[in-house]
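Right, one structure below, let's go through it.
The values are calculated or read from the model by the stated rules, or taken from the named source; none is laboratory data. Note that the coordinates shown come from a computational prediction; the quantities given were computed from them, not determined experimentally. A quick note on method: Cβ atoms are made from the backbone with ideal geometry, for glycine too, and the neighbour counts reach across all protein chains shown.
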Amino acid sequence: MRPEEPVDLPEALADALEPLSLRAGREVFAEGEPAAALYLVASGWVRLYRLSPKGREVTTLVLDPGELFGEEALEEEGRYAHHAEALTPARVLRLPRPGLLAAWRSAEVRRWLLERIVRRLHAAQDRYRERRYHEVLPRLAALLVEQMRPGREGLEVPLSHEQMSHRLGTGRDTVTRALGALALRDLLEINYRRVVVLDPEAVRRLASGLGEDRE
């Protein structure tokens, strides 16, 4: 991530934006507050997070210069879905909702805003998939330990990737990536509709990660 990056603004937006300088740790808005403005990161980094049931802050995304947040301001009576705070000293540009609705009449502004909202969505999806991938490894290992049986090629797990994904409640592509990672570590071999476990002790150790506290 780069803490400084020039922001290219449509002319219809430039005059309506209010610059704000934030120290690290300064809250921009809280989850559940009325969405009174849209924001653009001009410099520094801004963190979006939520609180877990135990009150722990769970970061959902860190925003670079040029990225939007607070897009709930586009909704009628919208409320912010995350907490937002400056992760580093930052400069953000604030667009109050009345100015946002006026600027929305410009096709150039709509295109500019939508491109950045879609970019943000893709970044969030990438982070979610990566987190799901890391979370599934110990659960997948536990399933392999539970299902492995002696076979012609060694300890075999006669389940397809799709069957494993249904059992774990995750996507087939996530299971395929996780199995591939274990194969690269020489813990198993992947054959048609079955997995051969090469190092059952290492797989058991990985499965024991399920005993860790996870929020």
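So that you can scan it fast, the table gives a plain yes or no per residue for (1) of a type outside the set (Ser, Thr, Tyr); (2) touching a strand residue (DSSP E or B) at 6+ places or on another chain (Cβ under 6 Å):
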site: 26; (1), (2): yes, yes
site: 46; (1), (2): yes, yes
site: 54; (1), (2): yes, no
site: 60; (1), (2): no, yes
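Only residues that are closer than 15 Å to residue 144 by Cβ and in a loop (DSSP other than H, G, I, E, B) were counted in segment 168-199, giving 7. Here is the figure for segment 4-39: residues that are closer than 20 Å to residue 82 by Cα and touching a helix residue (DSSP H, G or I) at 6+ places or on another chain (Cβ under 8 Å) total 4. From the list 42, 12, 16, the lone residue that is assigned to a loop (DSSP other than H, G, I, E, B) and either aliphatic (A, V, I, L, M) or outside the structural domain of residue 88 (by TED's automatic domain parsing) (or both) is 16. In segment 142-173, the residue that is farthest from residue 206 (Cα to Cα) out of those that are basic (Lys, Arg) and within 25 Å of the chain's Cα centre (by Cα) is 172. Within the option set 20, 48, 68, being of a type outside the set (D, E, K, R), touching a residue at least 40 places away in the same chain (Cβ under 8 Å) and buried (at least 19 other Cβ atoms within 10 Å of the Cβ) holds for one residue only, 68.
Considering each residue of segment 43-56 in turn, none proves to be within 19 Å of residue 117 (Cα to Cα), at pLDDT 95 or above and of a type in the set (Phe, Trp, Tyr).
Matching residues to (1) basic (Lys, Arg); (2) surrounded by 13 or more Cβ atoms within 10 Å (Cβ to Cβ); (3) in a strand (DSSP E or B):
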position: 54; (1), (2), (3): yes, no, no
position: 72; (1), (2), (3): no, yes, no
position: 92; (1), (2), (3): no, yes, yes
position: 108; (1), (2), (3): no, no, no
position: 120; (1), (2), (3): yes, yes, no
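Suppose we filter 31, 77 for residues that are modelled with pLDDT of 95 or more and outside any strand (DSSP E or B); which single one remains? Of the residues listed, the single one that is modelled with pLDDT of 95 or more and outside any strand (DSSP E or B) is 31.
Rundown of residues vs (1) assigned by TED's automatic domain parsing to the domain that holds residue 31; (2) touching a residue at least 60 places away in the same chain (Cβ under 8 Å); (3) charged (D, E, K, R); (4) in contact with a Phe, Trp or Tyr (Cβ under 8 Å, 6 or more places away or on another chain), yes/no style:
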site	(1), (2), (3), (4)
74	yes, no, no, yes
78	yes, no, no, no
81	yes, no, no, no
85	yes, yes, yes, yes
89	yes, yes, no, no
99	yes, yes, no, no
